[in-house]
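> This is the structure, below, for whatever I ask next.
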Amino acid sequence: MWSGGLCHGNRLQPLEGKWSEIVYCWVCDTFREVGSSCTTLLIMTAHDIPQLFSVELRTSQWGTLVEWYRQVIGLRVLVRVVDDGYALLAAGDTRLAIIDRPEPGAASRRWSLGFEVADLESIHERLIHAGVDVQPPSINPEGFRELTIMDPDGNRLRLFMWGVKS
């Protein structure tokens, strides 16, 4: 839903059907009032900002990874196509896609999957019960408690909970 034209002077109609006097200029990376002095040719409303649909993990042990994320982490399977080696799991507002590949490449320490949880202690106990190598949660200086684990492929996961118990 990109809209052409200059930021100034254009009225954009957002999804709700109401006329908006505020637009987002992706070049300037700011929200602007219509009539401002921006000269960007492409603008978008707040509804046009891309939404992350899924994160894709490629693996050579597809069945193991699907079951691990389902049973150990607690994600719900939305789609499972065994013949194609594809599974889509619900992970809050986004999804985790697990895709079977004969040579998926090595796990990387450059990224991690971050999961916000409501009860870190209960997750910690579940991980111990599942045989996951896990240390007790630690306190992050930014005000949350977290623990870090690896999935069966060696991908790093951070599970965290806001607020620090006294």
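> So which residues in region 157-166 are in contact (Cβ under 8 Å) with a residue 12 or more places away in the chain, open to solvent by 50 Å² or more (accessible area, probe 1.4 Å) and not β-branched (Val, Ile, Thr)?
Of everything in region 157-166, those that are in contact (Cβ under 8 Å) with a residue 12 or more places away in the chain, open to solvent by 50 Å² or more (accessible area, probe 1.4 Å) and not β-branched (Val, Ile, Thr) turn out to be ARG158, TRP162, LYS165.
> If you don't mind, there's one more thing I want to ask. Which residue out of VAL79, VAL55, VAL23 is in contact with a strand residue (DSSP E or B) (Cβ under 7 Å, 6 or more places away or on another chain), at pLDDT below 70 and assigned to a strand (DSSP E or B)?
Answer to the selection: VAL23.
> Output the residues belonging to region 120-149 that are open to solvent by less than 80 Å² (accessible area, probe 1.4 Å), of a type outside the set (D, E, K, R) and outside any loop (DSSP other than H, G, I, E, B).
Correct list: LEU120, SER122, ILE123, HIS124, LEU127, SER138, ASN140, PHE144, LEU147, THR148, ILE149.
The values are calculated or read from the model by the stated rules, or taken from the named source; none is laboratory data. Nothing here was measured: the structure is a model prediction, and the numbers come from that model. Every residue, glycine among them, receives a Cβ derived from its backbone with ideal geometry; neighbour counts consider all protein chains shown. The area values use the complete protein model at the heavy-atom level, side chains included, leaving out ligands, DNA and RNA. Shrake-Rupley method; radii C 1.70, N 1.55, O 1.52, S 1.80 Å.
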